[in-house]
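The values are calculated or read from the model by the stated rules, or taken from the named source; none is laboratory data. All values derive from a computational prediction rather than experimental measurement. Cβ sites come from the backbone with ideal geometry, for glycine too, and all protein chains shown count toward neighbours. Side chains are part of the model used for accessible areas, which takes the heavy atoms of the whole protein and leaves out ligands, DNA and RNA. Shrake-Rupley method; radii C 1.70, N 1.55, O 1.52, S 1.80 Å.
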Amino acid sequence: MEPSPSAGTERQGSSLFLLKSFVRSLRQFLNQTSLHGLKFVGDSGLSSWERSFFLGSFVTALIITVHLISNIYVKWDSTPVIIGISPQATSILKVPFPAITICNMNQVQRSLVANYREGSNESALLKLLCESDSWESSEADEEFSASNFVTNNLKISEFVSNHSQSCERMLLFCRFSAVERNCSQLFQQILTDEGLCCVFNFQPPEYLYKPFANNNRNLTNSDGFESVMWDPESGYPEQLPPKFYPATASGTGITLGFTAVLDAEMGEYYCSSTNGPGFKVYFHNPIEVPKVKEAGLISAIGYETNYRIEMVRAEAVPAIRSISRDGRQCLFKNEKELIFYRIYTRLNCENECLAAFLYDTCSCIPFDHPLIYSNASICSMGDTSCVRRAQRASNRPGWAKCRQQCLPSCFDLNYLASGFSFPLASNNFQLANALVESFNKSYLSKNIAVINVYFRESVYYGNTKNAYVGLTEFLSNVGGVMGLFMGFSVISLAEILYFLILKPLAELFVWKRSSHVDSEKSLKHNAFGIEKGQSSDNPSFWHSKELYPKGVSISAYENAKSTKGLNYQ
């Protein structure tokens, strides 16, 4: 059905009325606005070149304002986070003492492997452990693959566990927080990339790994210390038992730190992971599995080594959660779910990525990597060649892609150690440690190492991530620029909304409503809503209070109509 001519005429009349109403409102806006310069543009008393001058000045100020605001936005978008020093000091009593992993560089004990004949599966595994550097070349892989040891099904983890020095034999003396402790109660054995090691102040598997989450094992050791859940973001629970671990330090200095006497048993050395005897010591977060091979610090035999610990803590304010992950470059603990580990850290995430890549490549997972799949097998001796090839950086694009998604934790805790050593006594005189003094001086210099671990300061200042330019600062900067160049404010926005949008639409609404109320042609063109039955000659008549609070007399309207020649049809 085609629209009637009257409907088209009515739409045309509405558009014309709206245009004229907009022009009137624009003139009123220019005369009354608080924006700099526009008042002179709308001033009919000025000449054309004067009005053009102020219009050009306003446009110039507008262009400068837009340019400066764009710079502010680019700065806000490109640098959303700033890292600063926490304004408040944190006591070392509120964070765990570092987890300490100690490894003897001797890979296996001589007395336990001396009887293995050349050519046996065990001898091949010993060659793998003791000549690890020789397996870094592709020629060695080809030689290994061509040998009959590819069918060797010995488990490296089992062999290392059964042939390496135990923690009971390595740790002779332990003292923590000025109290002498049983080393076997402080330390637990753990398999790392350095072999069999001993770790202190480490979270138990039930709190670290998801496969053990439902294990209701009694987590209170024989010395009365009970394990509690801790992570860098949530911290310790509010209610703590009298004795708990991961334990905190009691204070600063060697006396209130940790001391251990280590026996290398040089007579049992068969091969070393480095070019000499000694121990590797690694200080790490209690919720991270240690990677000792590359980052461990050396403790030499015949020396006492003091390790002075400093805290490196990362924190974040809750406000940066609204910033994208790529913008803030960190993750909160509940933002990324791991497969094997219960708590997210970048190191745990990278370990899972590498384990997944090795499983996809070799259909097994090495013993020192997380067993992320319950049905996955642990790599045996026969899988070594494949694992070595996959671990080379040039063959790991899949692992690198996964690793890029492992952002740092927004809350993290690391420990920096600065060590210095001095030789143990070689003459007969009284020593501070009675156990060390009791050793034969020759055995002391060739087998014993002493380590002291302690905090230097009782407080530390963390690094806090905060929004570089928050929403409040962004609005302040934008408002300052717009106020300086244009005199713009929130009220200016209300003026624009009222005069250029609301007022013309409201007048149109009143005009169309009056046309439906009164069907007489004489009143249909009345844009000011004169009600039926009211005389236009009545000087006391006022227009709608919603649009004109002060009122406009009809006589004034008639005079304006005759002088301006307005037509509202």
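Brief remarks follow.
- Residue-level check: of (1) over 15 Å from VAL453 (Cα atoms); (2) part of a loop (DSSP other than H, G, I, E, B), GLY267 misses just (2).
- Residue list for the range 395-423, restricted to those being in a loop (DSSP other than H, G, I, E, B) and out of contact with any Cys (no Cβ under 9 Å at 6 or more places or on another chain): ARG396, GLN404
- Of all residues in the range 371-394 being open to solvent by 80 Å² or more (accessible area, probe 1.4 Å) and part of a helix (DSSP H, G or I), the one that is nearest to TYR341 (Cα to Cα): ALA393
- Of all the numbered requirements in (1) touching a residue at least 40 places away in the same chain (Cβ under 8 Å); (2) open to solvent by 70 Å² or more (accessible area, probe 1.4 Å), ILE63 misses one, and that requirement is (1).
- Among the candidates GLU180, GLU168, the residue that is out of contact with any helix residue (DSSP H, G or I) (no Cβ under 9 Å at 6 or more places or on another chain), at pLDDT 85 or above and either in a strand (DSSP E or B) or not polar (S, T, N, Q) (or both) is uniquely GLU180.
- Some residue of the range 424-438 being under 17 Å from LEU338 (Cβ atoms) and part of a loop (DSSP other than H, G, I, E, B): no
- Count of the range 266-296 residues, restricted to those that are open to solvent by 30 Å² or more (accessible area, probe 1.4 Å) and of a type in the set (D, E, K, R), is 4.
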